[in-house]
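Notes to accompany the following structure.
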Amino acid sequence: MSLRRRYWLMKSEPDAFSIDDLQRVGTEPWNGVRNYQARNFMRDQMQVGDGVLFYHSNCVVPGIVGTATVASRAYPDATQFDPKSDYYDPKATREEPRWFLVDVAFERKLRRTIALDEIKQHADALGEEFALIRRGNRLSVFPVSATQWKHLLALE
DNA sequence: GCCAACGTTGGC
DNA sequence: GCCAACGTTGGC
């Protein structure tokens, strides 16, 4: 049984769900992801205990604001079945769910935000292919290497 | 609020 | 299976 920890970055708009919200609730089902690539990472690759960089997007200072851990294996995102939800998907059925999520558990808030601005200045060390700083990237869930993880948190 | 980038949808 | 139209993301 391999328990080697993997690392991820997960984006959230703080107006919708912030690191403070996660701290308050402790654990949260990461619902609303409606992108196949992001879904596949959660469904096929995430393991309990994996590390998560919590990123605030679409806000005044976008950047990494905390860390979390993956707290469950993937299971169907209940909001896809709920006609009243913004995330309702009429093509999904309980027999054949289309969207999956994992639970995410609060670990800690960073002492300060590691801003996107600053992260960009470390493109050389992080690798130009790092999804966060690749131009036009919109993925909200993607893998981070152990080296990138260390490098990013060392900026704190 | 603008708009570039890009994923998805659906007509053909 | 192409691709134009459309919707969304997210930095600025």
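Laid out as a table, the results:
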read-out: Peptides A:115-122, A:93-100 ordered by average Cβ neighbours within 10 Å, highest first; value: A:115-122, A:93-100
read-out: Apportionment of accessible area to carbon and sulfur, the stretch A:7-141, percent (1.4 Å); value: 44 percent
read-out: Per-pair calculated FRET efficiency, R0 = 22 Å: A:Thr27 and A:Asp89 via Cβ, rounded to 0.05; value: 0.40
read-out: Contour excess over end-to-end distance, with Cα ends at A:Asn137 and A:Asn58 and 0.36 nm allotted per residue; value: 27.1 nm
read-out: Using distinct alpha-carbon pairs, which all enter the 1/r mean, Kirkwood radius of chain A in Å; value: 16.1 Å
read-out: Charge dipole magnitude, Cβ of K and R +1, D and E -1 - the stretch A:7-141, Cα centre, debye nearest 20; value: 60 debye
read-out: Per residue solvent-accessible surface (Å²) - chain A, probe of 1.4 Å; value: 57 Å²
read-out: Contact order relative to length of chain A, as percent, for alpha carbon pairs under 8 angstrom and 6 or more apart; value: 30 percent
read-out: Relative packing of A:67-78, A:17-28, which averages over residues the other C-beta atoms within 10 Å, highest first; value: A:67-78, A:17-28
read-out: Size-normalised alpha-carbon gyration radius of the stretch A:55-111, reference 2.2 N^0.38 Å; value: 1.47
read-out: Cα→Cβ-extended label distance, 7 Å offset, between A:Leu116 and A:Asp44, nm; value: 2.7 nm
read-out: C-alpha center-to-center spacing [the stretch A:1-80, the stretch A:108-156] in angstrom; value: 15 Å
read-out: Computed [θ] at 222 nm, helices only, for chain A once each DSSP H run of length n ≥ 4 contributes -39500 (n - 2.57); value: -4500 deg cm²/dmol
read-out: Approximate spin-label separation A:Ala154-A:Arg98, in nm, with each point projected 7 Å along Cα-to-Cβ; value: 4.3 nm
read-out: Kirkwood Rh, angstrom, the stretch A:5-67 [1 / mean 1/r, Cα pairs]; value: 12.5 Å
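The values are calculated or read from the model by the stated rules, or taken from the named source; none is laboratory data. The model shown is predicted, which means the values in this text are computed figures rather than measured ones. Heads up, the Cβs are rebuilt from the backbone with ideal geometry, glycines too, and the neighbour counts pull from every protein chain shown. For the accessible areas, the whole protein counts, side chains as well, though only heavy atoms, and no ligand, DNA or RNA atoms are used. Shrake-Rupley method; radii C 1.70, N 1.55, O 1.52, S 1.80 Å.
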